[in-house]
Amino acid sequence: MEKDSLFKVSFIQRSMWLTQKMNPDSEMFNVGGYCVFESHVDERWIKDCLVSIINEQEMLRIRFVEVEDDIFYERCDYATGTIEVSSYESLDVASYVEDQMSKRLSLEHPYMFTIMHVGQKTVIFMKMHHMICDGYSVSIFFDLFKEKMEQGNCEAKVWDYTEYINAEAAYMKSEKFIKDKEFWLQHVKDEKGVAFESCKNNLSVDSNSVSRQSVFIDRDEYEKVVKSLDKTSVFHYAITIIYLLNYVFDNDDFYLGLPILNRVGKEKKVIGPYIKMIPFSVDMSECKTVSDILTRVQGYIFDCYRHLKFPVSQLSQYTNRKGLLYNVAFSYHRVNFPDVIAGIGTSNVYANPNEQQEDLVFRLIENIVYRDNDVELCIDYKKDVFNTNTIDNILTRFKDLFTTIYKALDTEIADVEAMSEKDRQKMLEHYSSTTCSFPNMNCIHDFFEKQASERKDAIAVRYEGESVTYKELENRTRKLAVYLQKNNVKCNTLVGICMERSVEMVEAIIATYRSGGAYVPIDPEYPRDRIEYMVEDSNAEIIIAQKKFEALLPSDKKIFYIDSEKNLLDKYENDELIKCVKPDNWAYMIYTSGSTGRPKGAINLHSALVNRVVWMQKEMQLTDKDVVLQKTPFSFDVSVWEFVWPLMIGATIVMAKPGGHRNPDYLADIIEKEKVTTLHFVPSMLRIFSDNVVADKCKFLKRIICSGEELKADLMSDCLRKFNCDLYNLYGPTEAAIDVSYWKCYARDGLKSVPIGKPIDNIQLYVLNKNRKLLPDGISGELYISGVGLAYGYYNKEELTKEKFVDNTINPKFCQRMYKTADLARYNEQREIEYLGRADFQVKINGLRIELGEIEYQLEKLDHVHQAKVIDVSDSRGNKSLVAYIEKNSNQEFMDVREMKRMLKENLPVYMVPTNYVYLDKLPLSHNGKLDRKALPPLNLESEKREIVLPKNPEEEKLLVLFKEMLEVDELGVEDDFFEYGGTSLKGIQLVSKYEKIELEDLYKYSTVRDIAEYVLSKKMDRFGCLSALKLSDSAKANLICIPYGGGVASVFYNLADQMSDDYNVYAVNLRGHSYIKNEKLVDLDQMSMIIATDICKYVKGDVIVYGHCVGSAMAFEVSRKLKMIGVNVLRLVVGGASPYCSNAVKRVCAKGVVSYYYSNDERVEAFIRKIGGVVSELSYEQKHQVYKWFRHDGRNAMKYFEKMRKEKYKVDNITVILGEDDPLTCTSLKDVHQWKYHAKSVDYKNISQAGHYFIKSNSKEVAELLMGNPA
């Protein structure tokens, strides 16, 4: 079809067309209504009236045509819709209409009329496409229909929508358009929040269909409101209530969609799409009172009206904003449908589609025909976004405010309640249901002492084969408690405990309780900086520690080493323990991450702990036959109940080995072996455990207790199916005695979010808005905790304590304080609490609470970092990791990521070190100074061009395959960091379960394939001292000892070891200080040679061949001398690529050339290594720096030794010298090479053709043949 015969559509129509293109199956573009005649009406009469209307209204005689990806309409001389007639004996008209409204109309036939005879009644149903009709057009249609029915088909009046389109086109070329555009661009420049976001529910409904709920406002009450408002429009007042509701329900500013009639003069008679939806907003930060909101609503609407001609639907063309700017709309309807047509009684109803773009649409409907009818307030809402109860709460509160707040417009918005006083009192009554008695005069250790007197011979603790009875534990803890009291420990004295999991840990904790002190766990796995801070900040009177951690602790503190000094306690055998502890005394202090950059100590009381554990016993019914696995790190407050609950009941604690809590296979074994009945998991570890463990190993389990982070519904379901035991989901911060809520898990249809349940005994949990007003069920806000379980506060941080432990304004009679958790939550329909995440910048990863501010603080201490922001991201299974976005200082270079991680690990626990790092020129901030997360660039590690470093030995090859499998990355090299490429602690657990040579904590230290392989090699070294066994054979007849070249490491001999026959064991020397991963000092040649010789005597049986390459030949020579002195039979000394640099000429060259020039800095060392054929490109910057330092050290040591060797005329029995034909160090100075003859009784020279200096790597097969006595 030619464009010339077509007409342009309006901007409103084009916008609808584009929206429909994106939602081709949607019914949201249907507009309709129906009229029910109370008696039969002749269908011919109705048809005549309809035809007359069609002839008058242009939009009923057009069809839309798509041409070249644009939309036009064609005028037709016929009706483009349909008129249908049907008859029914009976029919549910409302259901019929609902069904019809769910069927979309085509653009070629954009409307339909249906005449239905239902019994004695007649119904006219009209349905039109939104592109030819708006809501107001429905009223126009029924007014016209009434006119035609009553006055007959008088002279036709043609109403032309094209006039509006032409006026719109002229406006677009005017100056008015420019001014209006500036207004709207300014109006929508700010990013706004999502309206009523706190009211959205985590529903199982998949349909996006729309439902409607209504309440009615008494007509007399409504008239009072109207009269009181005087000149203020009810429309403006209702908008004010919506903004007030959104505010008290704890949401941010938002855009509200408002329909504007957009008709003047004769346009009020034209069927067509005129109504505009404008994005309206009020800045609530400028409003102190309700009156302030109302004033701004009136002012802003007036401004919008002045610029109304602008095609608001086109705003996305001028901004980066796509789609609707608003998710909530409001419409005020003054219905004037006729109640009588042509003398016949009628009732008229709008027909709503079952879909809408907005999440929520408020409608205030006033019938101006039936003045006695109550006014309807309804909400149309998407059923997959909101549930019925929440909409009820919104409607109820809207009605309450609408009918009351007009009397007190000067009320401050901060004082407006989110629920009525009646509903508030009901909620308080519900909160009070947790109040009950508990043994509040007891301290936590009183229960243990009772069990110790009644069950003396029962096993209290088991650990790695050691069993301790209740009597023994009582005796040990009593003596230690006496010792503590004699060392100034009194009530509320802090006692540090620094040790790994053991029986001594239980002894130290119970003894601290009994002495009156409060224990402070100091995890020896923490970085030294953090440990030093905790010791200094807590000012602990004394520290109980294990001797192995002596180096971590300050020398000026009183320290009792419980493992090595236990005999000192024997003298207190008969001393009496002073019993002074009261329920309101401190029990323990645990440090949690701090937003200011330093952790803070939260102090908890005996009474709080007693209440918590007594509740747990009442709920879970532990018996003296139960076995509880203690596996939680004692710096995590969950560990507290693992220690005290079993001892309260007379059950047995089984202590997992240090680090065992990270290994699912170990946990399964110990659960089966020890017949464990009760244990705790953070959900992330429970997932790994469930995925990797056979259920039969857990047949004794009675209960699994989860807390520390969100328990996912799929994991809950998996565990309920797999394990035949109870599963509990608990919640609680360190600031409230472990846990404050619980939910016993069970299969629930449609469950998407596992609740954290109900409060435990003597705890009340409030969901409050930003002004600490109670929120109704179903609406999210910040969770506050009140009751017996509250912590005393933060140690030596009064201001922070006041900030977080605030006055209880909700129920002060119950408890005067409440704790501000910064957690988002809501009560669901079952009055269970659902956890919704953090309200601040604190997150939990693998159950460990992390203040992002503390990480940012440590990042910003680095010289090159100007500003840093850290966020948490999740993968498809909900596994979290940290990402750091860094704005660098302008005068600094970018720091290597691995070096940055290394520096962070010196001050942060490994779980707080971000996985990924992104450098930015400037951090994107919103207008209020907060990080604009949406503006942060997405992570795309695969797009970064980098060199893929290939594996160089079988161990690296095996590891690289596992890395790729775990990380789901195809292109990965041995120098790529596990955590930088998506690795998390959960994936790490999976990795170490398949690669059993390391533990999870090793992976945090050595996170590349190369580092791990090096570490595994060094672990082998632990078995053989400084020797790494590269090849061991039962049929070996001799042992080859290999010493690396300058700057080299033991792994350079991997290839050589593979080429040696089974007649030889092959060992490589790990030179002290030559490690990428261990922080050791370099030692001189004499000391190192003695270490090597000693370890050979200790670990190697039989004859040896000693091989040294390049400057390693000096070390090999001295080792051979020492072995001979000790009595070890050295079959041969073999040196490769080396001369004994001892002639005067060579000595001068070395002194002036090598030392003065090549050894002066890293760049020159690298140039020298390249000159002799070395390759260093596969190393990182940090590794290169280390290698060059070793190179200089080894070279200087060798030259000193050769000079000494020459002066002292050292000799060995025989030397084999292997040379590379193309080695630049030896091929031009064979005279110097032959100097070896002065230092051996016999010398044998062997040449390898086409071999450079580093032939030990490139020509390993030929070298092996020579070492085994075969010709090259």
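The values are calculated or read from the model by the stated rules, or taken from the named source; none is laboratory data. For clarity, every value in this text was computed on a predicted model and none was experimentally measured. Note that we place each Cβ from the backbone using ideal geometry, even for glycine, and neighbour counts take in every protein chain shown.
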Exercise for the section: Would you check if TYR1141 is surrounded by 22 or more Cβ atoms within 10 Å (Cβ to Cβ) and either at positive phi or at pLDDT below 90 (or both)? Expected result: yes
Problem - Which numbered condition ALA602 misses (of (1) buried (at least 23 other Cβ atoms within 10 Å of the Cβ); (2) over 23 Å from LYS797 (Cβ atoms)) - result: (2)
Exercise for the section: Residue by residue through the range 276-305, note down the ones that are closer than 19 Å to PHE11 by Cα and surrounded by fewer than 18 Cβ atoms within 10 Å (Cβ to Cβ). Expected result: TYR305
Practice task
Test each condition in (1) in a loop (DSSP other than H, G, I, E, B); (2) in contact (Cβ under 8 Å) with a residue 40 or more places away in the chain; (3) exposed (fewer than 13 other Cβ atoms within 10 Å of the Cβ) for PRO554 and report the one that comes out false.
Solution key: (2)
Practice task
Looking only at the range 695-715, count how many residues are in a helix (DSSP H, G or I) and either under 16 Å from VAL628 (Cα atoms) or touching a Phe, Trp or Tyr at 6+ places or on another chain (Cβ under 9 Å) (or both).
Solution key: 3
Practice task
Inspect all residues belonging to the range 472-479 and state whether any of them is of a type in the set (S, T, N, Q), within 42 Å of the chain's Cα centre (by Cα) and surrounded by 23 or more Cβ atoms within 10 Å (Cβ to Cβ).
Solution key: yes
Practice task
Check PRO259, PRO273 and return the single one that is farther than 18 Å from GLY193 by Cβ, in contact (Cβ under 8 Å) with a residue 12 or more places away in the chain and touching a helix residue (DSSP H, G or I) at 6+ places or on another chain (Cβ under 7 Å).
Solution key: PRO273
Handout entry: Residue satisfying all of: in the range 676-694; among the β-branched types (Val, Ile, Thr) and not in a helix (DSSP H, G or I); farthest from SER639 (Cα to Cα) among these
Key = VAL694
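Mind checking which residues of the range 959-1001 are among the hydroxyl-bearing types (Ser, Thr, Tyr), at pLDDT 80 or above and under 25 Å from the mean Cα position of the chain (by Cα)?
The initial filter retains those residues of the range 959-1001 that are among the hydroxyl-bearing types (Ser, Thr, Tyr), namely 981, 984-985, 993, 995.
With the extra rule that they be at pLDDT 80 or above, the set shrinks to 995.
Correct list: empty.
Taking the range 891-931, which residues are modelled with pLDDT under 70 and exposed (fewer than 14 other Cβ atoms within 10 Å of the Cβ)? Quick ask: steps written out before the conclusion?
Filtering the range 891-931 for residues modelled with pLDDT under 70 gives 925-931.
Once the filter is applied, which keeps residues that are modelled with pLDDT under 70 and exposed (fewer than 14 other Cβ atoms within 10 Å of the Cβ), the range 891-931 yields LEU925, SER926, HIS927, ASN928, GLY929, LYS930.
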Practice task
Kindly provide the set of residues from the range 50-78 that are within 20 Å of ARG14 (Cα to Cα), among the hydrophobic types (A, V, I, L, M, F, W, C) and surrounded by 14 or more Cβ atoms within 10 Å (Cβ to Cβ), ordered by number.
Solution key: MET59, LEU60, ILE62, PHE64, VAL65, ILE71, PHE72
Fill in the blank from the handout: Selection from the range 818-841 of residues touching a Leu at 6+ places or on another chain (Cβ under 6 Å) and in a loop (DSSP other than H, G, I, E, B) yields ALA839, PHE841
Practice task
Sort through LEU882, LEU848, LEU862, LEU852 and tell me the only one that's at pLDDT 80 or above and under 25 Å from GLU782 (Cβ atoms).
Solution key: LEU882
Practice task
Within the range 571-621, track down each residue that is modelled with pLDDT under 95, assigned to a helix (DSSP H, G or I) and either among the charged types (D, E, K, R) or closer than 28 Å to LYS702 by Cβ (or both).
Solution key: LYS571
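Tell me yes or no: at least one residue of the range 1253-1260 is out of contact with any Ser or Thr (no Cβ under 7 Å at 6 or more places or on another chain), farther than 19 Å from LYS1171 by Cα, touching a residue at least 24 places away in the same chain (Cβ under 8 Å) and not in a loop (DSSP other than H, G, I, E, B). So that I can check it myself, show each step before the final result.
Going through the range 1253-1260, the residues out of contact with any Ser or Thr (no Cβ under 7 Å at 6 or more places or on another chain) turn out to be 1253-1260.
Retained after the next criterion (residues that are farther than 19 Å from LYS1171 by Cα): 1260.
After this cut, where a residue has to be touching a residue at least 24 places away in the same chain (Cβ under 8 Å) as well, the list is 1260.
With the extra rule that they be not in a loop (DSSP other than H, G, I, E, B), the set shrinks to 1260.
For the range 1253-1260, residues out of contact with any Ser or Thr (no Cβ under 7 Å at 6 or more places or on another chain), farther than 19 Å from LYS1171 by Cα, touching a residue at least 24 places away in the same chain (Cβ under 8 Å) and not in a loop (DSSP other than H, G, I, E, B): present.
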Practice task
Return yes when ASP410 is among the acidic types (Asp, Glu), in a helix (DSSP H, G or I), surrounded by fewer than 18 Cβ atoms within 10 Å (Cβ to Cβ) and in contact with a strand residue (DSSP E or B) (Cβ under 9 Å, 6 or more places away or on another chain) and no when it is not.
Solution key: no
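Among what's in the range 1057-1074 and is in a helix (DSSP H, G or I) and under 46 Å from the mean Cα position of the chain (by Cα), pick the residue that is nearest to MET1115 (Cα to Cα).
To start, the set of residues in the range 1057-1074 that are in a helix (DSSP H, G or I) comprises 1057-1059.
Filter once more, so that each one left must be under 46 Å from the mean Cα position of the chain (by Cα): 1057-1058.
Working: ALA1057: 20, ASP1058: 24 Å.
Among residues in the range 1057-1074 that are in a helix (DSSP H, G or I) and under 46 Å from the mean Cα position of the chain (by Cα), the one nearest to MET1115 (Cα to Cα) is ALA1057.
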Completion exercise
For ILE559, the lone unmet condition from (1) in contact with a helix residue (DSSP H, G or I) (Cβ under 7 Å, 6 or more places away or on another chain); (2) without any contact (Cβ under 8 Å) to a residue 24 or more places away in the chain; (3) under 21 Å from PRO527 (Cβ atoms); (4) surrounded by 14 or more Cβ atoms within 10 Å (Cβ to Cβ) is (1)
Practice task
Can you tell me which residue among SER453, SER467, SER432 is polar (S, T, N, Q) and not in a helix (DSSP H, G or I)?
Solution key: SER467
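Just to check your reading of the model, which residue among ALA540, ALA511 is in a loop (DSSP other than H, G, I, E, B) and in contact with a Lys or Arg (Cβ under 8 Å, 6 or more places away or on another chain)?
Numbers: ALA511 fails: in a loop (DSSP other than H, G, I, E, B).
Of the residues listed, the single one that is in a loop (DSSP other than H, G, I, E, B) and in contact with a Lys or Arg (Cβ under 8 Å, 6 or more places away or on another chain) is ALA540.
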Problem - Which numbered condition SER1120 misses (of (1) assigned to a helix (DSSP H, G or I); (2) of a type in the set (Gly, Ala, Ser); (3) surrounded by fewer than 24 Cβ atoms within 10 Å (Cβ to Cβ); (4) modelled with pLDDT of 90 or more) - result: (3)
Practice task
Filter the range 1021-1056 down to the residues that are surrounded by fewer than 19 Cβ atoms within 10 Å (Cβ to Cβ) and part of a helix (DSSP H, G or I), then identify the one that is modelled with the highest pLDDT.
Solution key: ARG1023
Handout entry: Boolean, LYS566 is more than 33 Å from the chain's Cα centre (by Cα), surrounded by fewer than 22 Cβ atoms within 10 Å (Cβ to Cβ) and either of a type in the set (D, E, K, R) or not assigned by TED's automatic domain parsing to the domain that holds ILE704 (or both)
Key = yes
Practice task
Hey, could you check the range 86-128 for residues that are under 48 Å from the mean Cα position of the chain (by Cα) and among the hydroxyl-bearing types (Ser, Thr, Tyr) and say which is farthest from ARG44 (Cα to Cα)?
Solution key: SER102
Exercise for the section: Quick one: count up the residues across the range 735-754 that are modelled with pLDDT of 95 or more and of a type outside the set (A, V, I, L, M, F, W, C). Expected result: 5
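Where in the range 748-812 are there strands (runs of 3 or more DSSP E), lying fully within it, with 2 or more residues that are without any contact (Cβ under 8 Å) to a residue 60 or more places away in the chain, aliphatic (A, V, I, L, M) and surrounded by 22 or more Cβ atoms within 10 Å (Cβ to Cβ)?
Strands (runs of 3 or more DSSP E) meeting the threshold: 781-787.
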